[in-house]
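The values are calculated or read from the model by the stated rules, or taken from the named source; none is laboratory data. These figures come from a predicted structure and were not determined experimentally. Positions of Cβ are generated from backbone atoms using ideal geometry, with glycine treated the same way; all protein chains shown enter the neighbour counts. Surface areas here come from the heavy atoms of the whole protein model, side chains and all, with no ligands, DNA or RNA. Shrake-Rupley method; radii C 1.70, N 1.55, O 1.52, S 1.80 Å.
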Amino acid sequence: MKQRPLQVPGQVRINRYLSMCGVASRRKAEELVLAGKVRVNRKVVMDLAARVRMHADKVTVEGRPVSPDEEYVYIVMNKPKDTITTVSDERGRTTVMDLVSSRHRVYPVGRLDRNTTGVLLFTNDGEFAHKLMHPARGIPKSYRVTLESSLKPDHAEKLARGVALEDGTTAPAEVMIVPRSKGREVIVIIREGRNRQVHRMFEHLGYEVAKLDRVAYGPVTKDGLARGGTRSLTKPELRQLKEIAGIKDEMRITGA
Ligand code: URA
């Protein structure tokens, strides 16, 4: 029988601790641990089973002390073009972090391509980010796609049924041609989050994507937000997202 990991009050697994500190998602935190970038009480820890005593152990990541954020924040941005979804860019290009101002160490939930615009969430709540990004949750993401040529109705059906990409066939999607757009604008709702998925779905059928705009992430839209603008999620938005993500506990909700 598979044994459940030991639960010790006041102690959490190292990856969970790092996500609570807003350093990264749990999965990314594991990578930091395995890369030897994390020290607990000055000793490098590379064991993913290691536990941290909350408020007792001193943890550093690449030499910088980290501690759990006291408040969780949840932000939505209307991402503009020509911005990279990363926490830092070695080549000095504009990143989404240059546009988000929060006194908390927030980071993006998932990513949008450099020239994809629209809804991008940020938080310092590692659990929340981790669960939203989990493929099993199937959060619906709606995109408005502008094509270089008109989408044929039978191709719209193919996209809706699923197309065979190199990393597997896409799950059923909703595909709606925008009225009066002559097939050049399409709303696509997918529940997966593979790399460049929307581009690849259309390219597979021979179409070129001219513009891609994420208009909604679950219940969250960018309505009323200027390009590059941000706001805190509303309580109903957050409640719905947590419901979809399967997060039951009532967490603290604060402003940015
Ligand atoms: N699909 C894409 O092709 N690009 C994105 O940025 C998001 C989804």
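Among the helices (runs of 4 or more DSSP H) confined wholly to region 145-256, which include 1 or more residues that are touching a helix residue (DSSP H, G or I) at 6+ places or on another chain (Cβ under 8 Å) and within 16 Å of the ligand (Cβ to nearest atom)? Reasoning before the result, please.
Values: elements: 153-161, 197-204, 235-245.
Helices (runs of 4 or more DSSP H) meeting the threshold: 153-161, 197-204.
This table checks each residue for (1) modelled with pLDDT of 90 or more; (2) of a type outside the set (S, T, N, Q); (3) touching a His at 6+ places or on another chain (Cβ under 7 Å).
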residue	(1), (2), (3)
LEU18	yes, yes, no
ARG39	yes, yes, no
LEU48	yes, yes, no
THR60	yes, no, no
SER67	no, no, no
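Tally up the residues in region 30-46 that are within 28 Å of the chain's Cα centre (by Cα) and surrounded by 12 or more Cβ atoms within 10 Å (Cβ to Cβ), please.
Initial filter on region 30-46 (within 28 Å of the chain's Cα centre (by Cα)): 30-40, 45-46.
Subset that is surrounded by 12 or more Cβ atoms within 10 Å (Cβ to Cβ): 30-34, 37-40, 45-46.
Of the residues in that region, 11 qualify.
Condition first: surrounded by fewer than 18 Cβ atoms within 10 Å (Cβ to Cβ) and within 12 Å of the ligand (Cβ to nearest atom). Now tell me which residues in region 101-112 satisfy that.
Selection gives GLY110, ARG111.
Are there any pairs, at least 6 apart or on different chains, whose C-beta atoms fall under 8 Å, with the first in region 187-202 and closer than 16 Å to THR169 by Cβ and at pLDDT below 95 and the second within 9 Å of the ligand (Cβ to nearest atom) and assigned to a loop (DSSP other than H, G, I, E, B), and if so, which?
GLY193/GLY110
Can you tell me which residues in region 52-83 are buried (at least 20 other Cβ atoms within 10 Å of the Cβ) and among the aliphatic types (A, V, I, L, M)?
Residues satisfying the conditions are VAL52, VAL59, VAL73, ILE75, VAL76, MET77.
Evaluate region 107-116: report whether one residue or more is farther than 15 Å from SER232 by Cα and either touching a Phe, Trp or Tyr at 6+ places or on another chain (Cβ under 7 Å) or among the aliphatic types (A, V, I, L, M) (or both). Break it down into steps so the answer makes sense when it comes.
At the first step, the residues of region 107-116 found to be farther than 15 Å from SER232 by Cα are 110-116.
Pick out the ones that are also either touching a Phe, Trp or Tyr at 6+ places or on another chain (Cβ under 7 Å) or among the aliphatic types (A, V, I, L, M) (or both) and you get 112.
Yes: one or more hits.
Which one of the conditions (1) open to solvent by 90 Å² or more (accessible area, probe 1.4 Å); (2) modelled with pLDDT of 90 or more does HIS155 fail to meet, given that it meets all the rest?
Going through (1) open to solvent by 90 Å² or more (accessible area, probe 1.4 Å); (2) modelled with pLDDT of 90 or more one by one, HIS155 breaks only (1).
I need the full set of residues from region 117-134 which are within 16 Å of GLU237 (Cα to Cα) and open to solvent by 10 Å² or more (accessible area, probe 1.4 Å), in order please.
Initially, region 117-134 is screened for residues within 16 Å of GLU237 (Cα to Cα), giving 119-123, 125, 128-129, 131-132.
If the condition is that a residue be within 16 Å of GLU237 (Cα to Cα) and open to solvent by 10 Å² or more (accessible area, probe 1.4 Å), then LYS131 is the only one that fits.
Residue-wise test of (1) at pLDDT 95 or above; (2) not assigned by TED's automatic domain parsing to the domain that holds ARG93.
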{"site": "THR117", "(1), (2)": "yes, no"}
{"site": "LEU120", "(1), (2)": "yes, no"}
{"site": "GLU127", "(1), (2)": "no, no"}
{"site": "VAL145", "(1), (2)": "yes, yes"}
{"site": "SER150", "(1), (2)": "yes, yes"}
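Determine which single condition VAL87 fails, assuming it passes every other condition in (1) open to solvent by less than 70 Å² (accessible area, probe 1.4 Å); (2) in contact with a helix residue (DSSP H, G or I) (Cβ under 7 Å, 6 or more places away or on another chain); (3) under 30 Å from ARG196 (Cβ atoms).
(1)
Anything in region 82-125 that is outside any loop (DSSP other than H, G, I, E, B), touching a strand residue (DSSP E or B) at 6+ places or on another chain (Cβ under 6 Å) and not β-branched (Val, Ile, Thr)? List them, or say none.
Hits for region 82-125 are PRO108, GLY118, LEU120, LEU121, PHE122.
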